[in-house]
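Notes follow once the structure below has been shown.
What follows draws every value from the coordinates through simple rules; no lab data is involved. If you're wondering where the values come from, they're calculated on a predicted model, not measured in any experiment. Here Cβ is always computed from backbone atoms with ideal geometry, including for glycine, and neighbour counts include all displayed protein chains.
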């Protein structure tokens, strides 16, 4: 039952497929293993636990957000709105996407890129007595 070539990214894809079919509440490590056609123990080579899986799933949601056209050197309210609209669209693009993202903090590449972009934009437009972090935490 062990499947060669299985990766963390592929497991995240399979997990999103499972959530798409059955919802986030139905996703378990055993169900993921079954869908990936591996033993449950094989998952732990790529994932620490279900929480790590959800973090990786969250990062995959954020990885779909296009940021190349956001100019962090010339921040504006319009760019902040655009960034936030793209975040919302990304979450809506996945079944239970909002719950996946809200249920974890993902310290992975796509999440950090998005967070850094949003923070830089906010630093350029937020007025005292507020700070960019204050505003970012409520978005």
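Summary of values
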{"read-out": "Euclidean distance of C-alpha centroids, the stretch 80-139 and the stretch 15-60, integer Å", "value": "24 Å"}
{"read-out": "Residues 29, 87, 57, sorted so that the one with the fewest Cβ neighbours within 10 Å comes first", "value": "29, 87, 57"}
{"read-out": "Order of 17, 85 under a 10 Å beta carbon neighbour criterion, fewest first", "value": "85, 17"}
{"read-out": "Degrees separating the helix 50-62 axis from the principal Cα axis of the chain, which is the longest one", "value": "50 degrees"}
{"read-out": "Computed P(r) (all Cα pairs; the stretch 73-139; 10 Å bins; percent)", "value": "19, 52, 25, 3"}
{"read-out": "Degrees separating the helix 109-125 axis from the principal Cα axis of the chain, which is the longest one", "value": "10 degrees"}
{"read-out": "Where only alpha carbons of the stretch 8-136 are counted, the Rg and the Dmax (Å)", "value": "16.8, 55"}
{"read-out": "Cα→Cβ-extended label distance, 7 Å offset, between residue 50 and residue 102, nm", "value": "1.8 nm"}
{"read-out": "GNM result for the chain, Cα springs below 10 Å: residue of 110, 26, 15 fluctuating most strongly", "value": "26"}
{"read-out": "On Cα atoms only, tilt of 8-22 relative to the major axis of the chain in degrees", "value": "90 degrees"}
{"read-out": "Förster radius 35 Å - calculated FRET efficiency between residue 7 and residue 85 (Cβ-Cβ, nearest 0.05)", "value": "0.65"}
{"read-out": "Fewest-first ranking of 34, 58, 104, using other Cβ atoms within 10 Å as the exposure measure", "value": "34, 104, 58"}
